[in-house]
Amino acid sequence: MRVLGIETSCDETAAAVVTEGGDVLSDVVRSQVALHAPYGGVVPEVAARDHARAVVPVVREALSRAGVSAAEIDGVAVTSRPGLSGALLVGLQAAKGLAWAAGKPLVGVDHLVGHLLAVFLRRGGAPPQDERPSFPYVALLASGGHTAIYRVDGPAIGAIRELGATRDDAAGEAFDKVAKLLGLGYPGGPVVDRLAAGGDAAAAADAVPALMARKESLEFSFSGIKSAVARHVAKRGRPEGQALRDLCAAFQGAVVDALVQKTVRAARAEGIGRVVLAGGVAANQGLRARMAAACERRGLALFVPPFASCTDNGAMIAYAGALRLAAGERDTLDLAPETRTALPRVTRKGGGAR
Ligand code: KG4
Ligand code: ZN
């Protein structure tokens, strides 16, 4: 089975053709980063309008790189939630039009489920089977829009359970906001990551609070650390040179420590020996290194998908959709965008204990 996946939930217009086994036949991602950079974040109307311009050429490119026509695919999968409604609507309309015209089944995919299953994608030189986890696993999903830990017992919505999430900002959002405060541009993750590598966290520890208020909780809060950096910058001005690298190291270290400790704690509490990273923040070198060390210390197997599978892409949507189609599931042309995920939340925004 070959499924076309379309993703337009945020600031990437993406399309891919993937088999039911997870083999990526094509994967086209057109980023809008440069469009939103002047504003320091994603502008929803700008995003939707650009998706409308890009979606048809991106889908054509994905089909052509996979060497298939619309008539030769077995179904169309599309991100239907969560995301910006205007942006989602563009992908949904494109997917419906194509599915209807080509007489193919349509399935909506929850973007977060796509991220959580991206570890099964096989790109180019296919990794051996044992580099993919078996169910159940504990997954840390950290992106610009979401940060949560899940127990994943299978690919269906009902088999995925949130164990804890952020009460305020997502981890990637914290990177983006701190980068903006420091005058580093958008998106912030990659540049903070690069600067942090040359910094000494201890030298800037006074500017950054620890993030581990309640040890047993699996919830996160990243808004306090952003405010602390803002106060530091207001008082002392924007740091430069080594002081900037030190501050980036201290900030990244605090965020990464919270992500690593709570993920490992979740795996232990669930009695699960497999840990999976997902989402754009999984590209972070500090996170990869500390998670690998922490998992090794505790005898947990860590699975980190390649970068292209961590950030937003169409392949993860195509694959999650292929599994839905294989299970005999279909959506109708009434499928509507939803701003919220279908995964039940246990973490109250703005409340609870961390
Ligand atoms: O998953 P993603 O591509 O898009 C969604 O938000 O769904 O994630 C983008 C986020 C941005 O906030 C970006 O700053 C962050 O991932 N990011 C990173 C790194 N690369 C991207 N954060 C920390 N370190 C990185 N190397
Ligand atoms: Zn995403």
If you roll a 1.4 Å probe over the heavy atoms of the protein chains, what accessible area per residue do you get for the range 160-212, in Å²?
-> 38
Between the modelled labels at LYS235 and GLN261 (7 Å from Cα along Cα→Cβ) the distance in nm is 2.2
For the range 171-242, the Rg and Dmax computed from alpha carbons only, in angstrom | 12.6, 38
Lysine pairs in the chain with alpha-carbon atoms under 27 Å apart, 8 or more places apart or on different chains: how many are there?
-> 17
Degrees between helix 241-270 axis and first principal axis of the chain (Cα, 0 to 90, nearest 10) | 60
Rule-of-thumb check for the chain: C-alpha Rg over 2.2 N^0.38 Å?
-> 0.98
Carbon and sulfur atoms: what percent of the 1.4 Å accessible area of the chain do they account for?
-> 52
Could you grab the relative contact order for the chain? Cα pairs under 8 Å, six or more apart, rounded to a whole percent.
-> 26
Note the angle between two axes, namely the Cα long axis of helix 285-297 and the longest principal axis of the Cα atoms of the chain, as a number of degrees from 0 to 90, rounded to the nearest 10.
-> 90
Could you please state, rounded to a whole Å, how far the C-alpha centre of the range 170-220 is from the C-alpha centre of the range 270-319?
-> 19
Hey, can you find the accessible area per residue of the range 43-116 for me, probe 1.4 Å, expressed in square angstrom?
-> 38
Return the FRET efficiency for the residue pair VAL56, ARG194: r is the Cβ-Cβ distance, R0 is 51 Å, and the value is rounded to the nearest 0.05.
-> 0.90
Pseudo-spin-label distance GLU72 to ALA159, built 7 Å along Cα→Cβ, given in nm, is 3.1
Using 0.36 nm per residue of separation minus the Cα-Cα distance, give me the extension gain between GLU45 and GLU338 in nm, one decimal.
-> 103.8 nm
With Cβ to Cβ distances under 11 Å as the rule, what net charge do the other residues near VAL178 carry (K, R +1; D, E -1)?
-> 0
Using only helices, what value at 222 nm comes out for the chain when you add -39,500 (n - 2.57) per DSSP H run of length 4 or more and divide by the total residues, to the nearest 500 deg cm²/dmol?
-> -13000 deg cm²/dmol
Expected unfolding gain across GLU270-VAL346 under the 0.36 nm per residue rule, minus the alpha-carbon gap, is 25.8 nm
With springs only between Cα atoms under 10 Å apart, run a GNM on the chain and tell me which of GLY86, GLY199, GLY299 wobbles the most.
-> GLY299
Roughly how many Å² is the accessible area per residue of the range 242-335, as a whole number, for a 1.4 Å probe?
-> 37
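The values are calculated or read from the model by the stated rules, or taken from the named source; none is laboratory data. Values in this document were obtained by computation on a predicted structure and should not be read as measured data. Methodologically, a virtual Cβ is constructed for each residue, glycine included, from the backbone with ideal geometry; neighbour enumeration extends over all protein chains shown. Accessible surface areas use protein heavy atoms only, side chains included; no ligands, DNA or RNA. Shrake-Rupley method; radii C 1.70, N 1.55, O 1.52, S 1.80 Å.
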